[in-house]
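The values are calculated or read from the model by the stated rules, or taken from the named source; none is laboratory data. These figures come from a predicted structure and were not determined experimentally. Backbone-built Cβ (ideal geometry, glycine too); neighbour counts: all protein chains shown.
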Amino acid sequence: MSELMASLAALAGFVVGALAVMVVRQNLGRETPAASDSPEPATLPQGVASVLAVLPSSAVVLDKEDRVLRASSAARAFGLVRGENLMAAELLALARQVRRDGEIRESEIEVAGHKFGQDSTSFAVRVAPLGSHGQVLVLAEDQTEHRRVEAVRRDFVANVSHELKTPVGALSLLAETIQDAADDPEAVTRFAGRMQHEAARLTYLVQDLITLSRIQGAEPIPTPGPVPVDEVVHEAIDRCNTTAAAKDITLVAGGAEGLRIWGDDDLLVTALRNLIDNAVAYSPEHTRVVVSARTAGPHSDSIEISVSDQGIGIPENAQERIFERFFRVDAARSRATGGTGLGLAIVKHVAAAHNGAVTVWSKEGSGSTFTLRLPAFGAAAVPRTTTIPLEAAQ
């Protein structure tokens, strides 16, 4: 049994036990010589409704005719109950089995539709008899998000395994090749260079995995403080300058000066560096990448840092997925540029850790603009009339 099912079982056991005690006490209090001839009550035993009202999960009580005597608001919101009817056929079948033999049953079911528009909802359910009048208690716990997270975790592990396997395998083959070509200095030099490339790729991947694991847990930033935007921009550009120079791409800083952000400077530099690296990787030679900062509006408490390129652009149908881990619009091109597939995921999580967000505008053949929107801190902006190339900014 999964942890969720175990937790649900424990909760349901407590609830069923408490309700059973209530029912027994009520029946004892009503005992008269003619009690055995009295008809089944059409309402819930005293106190049962109060217990059901505080349950976080969907709760339904059925009478012996399978009519709904009581349903929580969650049960109705998920579409499990309409009027006096339980809509899930699987739950009805379980309820009837429980009523026949008095055995508590557990299961997992899929129900079509959802109050938020999903195609289906997964539930862990527990069905138990309630009292001696054929009433049945149904508890259902929404498991959809849990399953989604599990699927993401499995995909992440599979992707990491695949991404690590590629450079590790290449290093192994190159090492064997160098060993066989020990008498050929030219070949050794060539293959040693390839080994350095694969080793660097492996290093970047491990570093990105460490960074992502550190920030994606939604933990608060340990020591937030005022961070000068100018310093973040110049530091990020400086780290990317060598890569850009290799393609004759000019990195330009522009926008407003004197802005400050509330947060962690190392994480912000990491996020901006990833955006600039991405822009350089997907831009043709002899173009430029512009990094600019501004306040989000005249009275805004947010600051926007944008990275614009003149690159190949992103297809519209891929723009919603580009912040997913290991997602690549063009896998072959991404691997050729040395990308790990984690850069934009890191940017997304850094923005979230700062109570901010990242957005993208892009058109195929016209370039892309990624914008970080982050909470401002303190000083007013000073307009910058011209863009400042990296060399001048330094």
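For Gly297, the test of being more than 27 Å from Glu364 (Cα to Cα) and in the same structural domain as Ala345 (by TED's automatic domain parsing) is passed. Here segment 265-300 is the region considered, the condition is being acidic (Asp, Glu) and within 27 Å of Leu212 (Cα to Cα), and the residue that is surrounded by the fewest Cβ atoms within 10 Å (Cβ to Cβ) is Asp266.
Just one of the listed residues (Gly131, Gly113) is buried (at least 16 other Cβ atoms within 10 Å of the Cβ), at pLDDT below 80 and more than 30 Å from Phe191 (Cα to Cα), namely Gly131. The C-beta contact set for segment 345-365 (first residue assigned to a loop (DSSP other than H, G, I, E, B), second residue surrounded by 16 or more Cβ atoms within 10 Å (Cβ to Cβ) and aliphatic (A, V, I, L, M), distance under 6 angstrom, 6+ apart or interchain) comprises His354/Leu374; Gly356/Leu374. From the list Ile346, Ile388, the one residue that fits, being at pLDDT below 85, surrounded by 17 or more Cβ atoms within 10 Å (Cβ to Cβ) and not acidic (Asp, Glu), is Ile388. With respect to Arg201, is the statement that it is farther than 14 Å from Arg325 by Cβ, among the charged types (D, E, K, R), modelled with pLDDT under 75 and touching a helix residue (DSSP H, G or I) at 6+ places or on another chain (Cβ under 9 Å) true? Considered against the rule, which asks whether it is farther than 14 Å from Arg325 by Cβ, among the charged types (D, E, K, R), modelled with pLDDT under 75 and touching a helix residue (DSSP H, G or I) at 6+ places or on another chain (Cβ under 9 Å), Arg201 comes out as yes. Candidates Glu257, Glu304: the one that is modelled with pLDDT under 90 and touching a Lys or Arg at 6+ places or on another chain (Cβ under 6 Å) is Glu257. Test Leu202 against the criterion of being of a type in the set (A, V, I, L, M), closer than 30 Å to Gln97 by Cβ and under 30 Å from the mean Cα position of the chain (by Cα), and give yes or no. Here the answer is no, as Leu202 does not meet what is asked. Number of residues in segment 167-195 that are within 29 Å of Asn278 (Cβ to Cβ) and either outside any helix (DSSP H, G or I) or touching a residue at least 24 places away in the same chain (Cβ under 8 Å) (or both): the value is 7.
When we screen Glu231, Glu219 for residues that are modelled with pLDDT of 85 or more and surrounded by fewer than 17 Cβ atoms within 10 Å (Cβ to Cβ), the only hit is Glu231.
Candidates Arg239, Arg214, Arg201: the one that is in contact (Cβ under 8 Å) with a residue 40 or more places away in the chain and of a type in the set (Lys, Arg) is Arg201. Within segment 46-72, residues that are more than 23 Å from Thr121 (Cα to Cα) and among the aliphatic types (A, V, I, L, M) have Cβ atoms under 8 Å from residues that are modelled with pLDDT of 75 or more and buried (at least 18 other Cβ atoms within 10 Å of the Cβ) in these pairs: Val48/Val61; Val48/Arg70; Val48/Leu130; Ala49/Arg70; Leu69/Val61; Leu69/Leu62; Leu69/Asp63; Leu69/Gln135, counting only partners at least 6 apart in sequence or on another chain.
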